[in-house]
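Below: one structure, written as structure tokens.
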Amino acid sequence: MNYRPVLNMPPVVKNLILVNALFFLMTVVLEQAGIDLYKYLGLYFPASDHFRLHQLFTHMFMHGSIGHIFFNMFALYMFGRVLESVWGPKRFLTFYLVTGLGAAALHTFVNYLEYQSVVSKIAPEQLDYFKDLAMQGKYIPNSLSEKLTMILNTPTVGASGAVFGILLGFGMLFPNTELMLLFPPIPIKAKYFVIGYGVLELILGISQPGSNVAHFAHLGGMLFGYFMIRHWNKNSRHFY
């Protein structure tokens, strides 16, 4: 058995995978002790009583399931190690963190628009009552109070925003590299794969508001990644 691909994994990618795995393990272990780590480290909407500033950073290392962390870390390994070998550890880590934070920023902005839409339909004298119900996890099904509860009481977790930024970066640096899809099993150039994925996320984000998947966070990671690479290209004679 050949262990070289793992042993030769670049340092930032390797440490990011280890940290994410450690956070997931801690989440599972502490859950058995009745401690909900998502409540402290997941990202809540700023109007929520659960919101803390550190969540903008910590939510990137939290995952909701085995499948969630596996696919994020697999993509980080497959594409991130290539980008780190080109950019070096410092630039790659900067890119990872900025795209992750950018994903949180766009996701929060979209939530803000939805929050304002809901609040505008609630009488001012009833708003505090509805917010109290929302923070207690209580709501009237199929009503404004249910939407308010989802916005205020649902944490966002995952490295998907940064991973989508990495995917965008790979597509920009290696646009003609062919990737093999699983379904259907056909080759596709990286640039078309990235564009198609971005369009799909936009369609799903618009057509499925309130979805359990943070589609606009994915788009935020791609958007911030695009502008970072454009900025680096513009301000450097040689792009590493």
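Where in segment 96-182 are there helices (runs of 4 or more DSSP H), lying fully within it, with 1 or more residues that are more than 22 Å from the chain's Cα centre (by Cα)?
Details: elements: 124-135, 144-153, 160-173.
Once the helices (runs of 4 or more DSSP H) in segment 96-182 are filtered for at least 1 residues that are more than 22 Å from the chain's Cα centre (by Cα), what remains is 124-135, 144-153.
Just to be sure before I move on: is F174 in contact (Cβ under 8 Å) with a residue 60 or more places away in the chain and of a type in the set (F, W, Y) in the structure I sent?
On the way: in contact (Cβ under 8 Å) with a residue 60 or more places away in the chain: yes; of a type in the set (F, W, Y): yes.
So F174 passes the test.
Name the residues in segment 28-66 that are assigned to a loop (DSSP other than H, G, I, E, B) and within 19 Å of A105 (Cβ to Cβ), would you?
Taking segment 28-66 and keeping what is assigned to a loop (DSSP other than H, G, I, E, B), we get 33-36, 42, 44-54, 62-65.
Hits for segment 28-66 are G42, Y44, F45, P46, A47, S48, H50, F51, R52, L53, H54, M62.
If a residue must be open to solvent by 50 Å² or more (accessible area, probe 1.4 Å) and either within 28 Å of N153 (Cα to Cα) or of a type in the set (S, T, N, Q) (or both), how many such residues does segment 219-236 contain? Break it down into steps so the answer makes sense when it comes.
If we filter segment 219-236 for residues that are open to solvent by 50 Å² or more (accessible area, probe 1.4 Å), which is where we start, we get 223-224, 226-227, 230-231, 233-235.
Keeping just the survivors that are either within 28 Å of N153 (Cα to Cα) or of a type in the set (S, T, N, Q) (or both) gives 223-224, 233, 235.
Here the count works out to 4.
Restricting the first residue to segment 152-164 and requiring it to be under 12 Å from G80 (Cα atoms), which pairs with a second residue that is among the polar types (S, T, N, Q) meet a Cβ separation below 9 Å and a spacing of at least six or different chains?
A162/N72; A162/T99; V163/N72; V163/T99; F164/T99
What are the residue pairs meeting all of these: first residue in segment 75-93, first residue free of Cβ contacts under 8 Å to residues at least 12 places away in the same chain and under 16 Å from L168 (Cβ atoms), second residue of a type outside the set (F, W, Y) and surrounded by fewer than 21 Cβ atoms within 10 Å (Cβ to Cβ), Cβ atoms under 6 Å, and 6 or more apart or on different chains?
The qualifying pairs do not exist here.
Is there a residue being open to solvent by 40 Å² or more (accessible area, probe 1.4 Å), touching a residue at least 60 places away in the same chain (Cβ under 8 Å), hydrophobic (A, V, I, L, M, F, W, C) and under 26 Å from L167 (Cβ atoms) anywhere in segment 22-34?
no
Restricting to segment 117-133, count the residues that are closer than 14 Å to L152 by Cα and surrounded by fewer than 12 Cβ atoms within 10 Å (Cβ to Cβ).
The number of residues fulfilling the criteria is 2.
Specify which of the listed residues (L93, L22) is part of a helix (DSSP H, G or I) and either more than 24 Å from L219 (Cα to Cα) or of a type in the set (S, T, N, Q) (or both). Full working, then the answer.
Details: L93 fails: either more than 24 Å from L219 (Cα to Cα) or of a type in the set (S, T, N, Q) (or both).
Result of the check over L93, L22: L22.
How many residues are in contact (Cβ under 8 Å) with a residue 60 or more places away in the chain and hydrophobic (A, V, I, L, M, F, W, C) if we restrict to segment 110-120? Write out each step before concluding.
Quick first cut of segment 110-120, residues in contact (Cβ under 8 Å) with a residue 60 or more places away in the chain only: 110-112, 114-115.
If we keep only those that are hydrophobic (A, V, I, L, M, F, W, C) as well, we get 110.
Residues that pass the stated criteria total 1.
Does D36 qualify as being closer than 27 Å to S145 by Cβ and touching a helix residue (DSSP H, G or I) at 6+ places or on another chain (Cβ under 7 Å)? Before you say what the answer is, go through the steps one by one.
Values: closer than 27 Å to S145 by Cβ: yes; touching a helix residue (DSSP H, G or I) at 6+ places or on another chain (Cβ under 7 Å): no.
No: the conditions fail for D36.
Starting from residues that are at pLDDT below 95 and of a type in the set (A, V, I, L, M, F, W, C), keep the ones in segment 1-27 and report whichever is farthest from A75 (Cα to Cα).
This residue is M1.
For (1) out of contact with any strand residue (DSSP E or B) (no Cβ under 9 Å at 6 or more places or on another chain); (2) open to solvent by less than 70 Å² (accessible area, probe 1.4 Å); (3) more than 19 Å from F79 (Cβ to Cβ), each residue gets a yes or a no:
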position	(1), (2), (3)
M172	yes, yes, no
T177	no, yes, no
K189	no, no, no
I195	yes, no, no
G198	yes, yes, no
L202	yes, no, yes
I206	yes, no, yes
A217	no, yes, no
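The values are calculated or read from the model by the stated rules, or taken from the named source; none is laboratory data. If you're wondering where the values come from, they're calculated on a predicted model, not measured in any experiment. Note that each Cβ is placed from the backbone with ideal geometry, even for glycine, and that neighbours are counted across all protein chains shown. Heavy atoms of the whole protein, side chains included, go into the accessibility calculation; ligands, DNA and RNA do not. Shrake-Rupley method; radii C 1.70, N 1.55, O 1.52, S 1.80 Å.
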